[in-house]
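Asks: The structure that follows is given in the form of structure tokens.
Values quoted throughout were computed directly from the atomic coordinates according to the rules given, and no laboratory measurement underlies them. Keep in mind that what you see is a predicted model, and the values were worked out from it rather than measured. In this analysis, Cβ positions are derived from the backbone assuming ideal geometry, glycine residues included, and neighbour counts consider all displayed protein chains.
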Amino acid sequence: MAPAVSVARLLLAIVLSGDRVRLRGVERDDLPQLWEMYNDLEVEHRSSDGPPVPTPQALVQARFDARVADANSDVVMFVIEVDGDLVGEVMLHSIDRYSRSCHLGISLRRDRWGQGYGQDAVRTLVRYAFGYLNFRKVSLEVLAEDPRAVGAYRRAGFAEEGRFRAHTWHDGRYQDVLRMAVFRPDQG
């Protein structure tokens with residue numbers, strides 16, 4: 001019997017091509033660039049529902065090591081590349097194998113916002129989730145007052161499922177969060 005290979009290790013070899021982006025597994029050499037992105041206040045505040053706090057490099061490395069070591073991780077993470085340049089990360093998380101659903105998260109460097117790279121990365125990851133991982137639903141949460149992000153998700157096929165009123169603290173006040181989802185075409 002062959003030894004079990006962790007999902008994280010397999011993802012290092014998987015490369016997904018979108019129209020404008022390339023998604024590949026996260027490698028240790030990517031960690032310094034990801035650390036810089038995690039410590040950009042606006043990027044982190046828009047990509048996480050937690051408070052934006054400084055992220056030490058050691059924590060980024062420890063998370064990476066834990067994902068590589070955990071064969072049963074419920075996170076599938078890729079870096080986003082454009083012409084060989086790391087511009088962000090995209091992931092599937094909160095994986096529910098029973099209902100065949102998951103959540104999608106994305107972070108893009110601020111200098112790459114509004115250029116269509118995030119939308120292409122999302123579409124590419126959703127195709128992977130449906131076609132290779134056999135998920136039937138991918139969902140996400142986004143600030144309702146972020147028209148750039150909401151529009152990109154809609155163009156990538158997501159539809160609003162609901163609204164969490166005054167759900168998250170952003171820019172000095174509580175703001176609404178939209179729950180959006182896309183279903184595999186034969187499941188919706």
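Asks: Enumerate the calculated ³J(HN,Hα) couplings along the range 54-61 in order (Karplus 6.51 cos²θ - 1.76 cosθ + 1.60, θ = phi - 60°), each rounded to whole Hz, writing x wherever the residue is Gly or Pro.
Replies: x, 10, x, 4, 4, 5, 4, 5
Asks: Given charges of +1 on the Cβ of Lys and Arg and -1 on the Cβ of Asp and Glu, with all other atoms neutral, how large is the dipole of the range 7-137 about its Cα centre, in debye to the nearest 20?
Replies: Numbers: 17 positive and 19 negative charges, 130 e Å.
Roughly 620 debye, rounded to the nearest 20.
Asks: How many nm is it between the label spots at Ala69 and Asp85, if each spot is 7 Å from the Cα in line with the beta carbon?
Replies: So the label points at Ala69 and Asp85 sit 3.6 nm apart.
Asks: Using a Förster distance of 25 Å, how high is the FRET efficiency between Arg154 and Asp40, based on the Cβ-Cβ distance and rounded to 0.05? Please report the intermediate quantities before stating the final value.
Replies: Numbers: r = 25 Å, r/R0 = 1.00.
Calculated value: 0.50.
Asks: Remind me, relative contact order of the range 7-137 in percent, using alpha carbon pairs under 8 angstrom and six or more residues apart?
Replies: On the way: 199 pairs, mean separation 35.4, N = 131.
Across the range 7-137, relative contact order equals 27 percent.
Asks: To the nearest 0.05, what FRET efficiency results for Asp49 and Asp186 with a Förster distance of 30 Å applied to their C-beta separation?
Replies: Numbers: r = 31 Å, r/R0 = 1.03.
FRET efficiency, Asp49 to Asp186: 0.45.
Asks: Sticking with this one: Just to verify a number: FRET efficiency for Ile14 and Asp146, C-beta to C-beta distance, R0 = 30 Å, to 0.05? Mind showing how you got there, number by number?
Replies: Working: r = 30 Å, r/R0 = 0.99.
With R0 = 30 Å, the Cβ-Cβ based efficiency is 0.50.
Asks: How long is the gain from Gln61 to Arg110 if the chain were fully straight, where each residue apart is worth 0.36 nm and the alpha carbon distance is subtracted?
Replies: Details: separation 49, 0.36 × 49 = 17.64 nm, distance 2.23 nm.
Value of the extension gain: 15.4 nm.
Asks: Quick one: of the DSSP bridges fully inside the chain, what percent are antiparallel, nearest 5? Show your work: numbers first, answer last.
Replies: Details: 36 of 39 bridges.
About 90 percent, rounded to the nearest 5.
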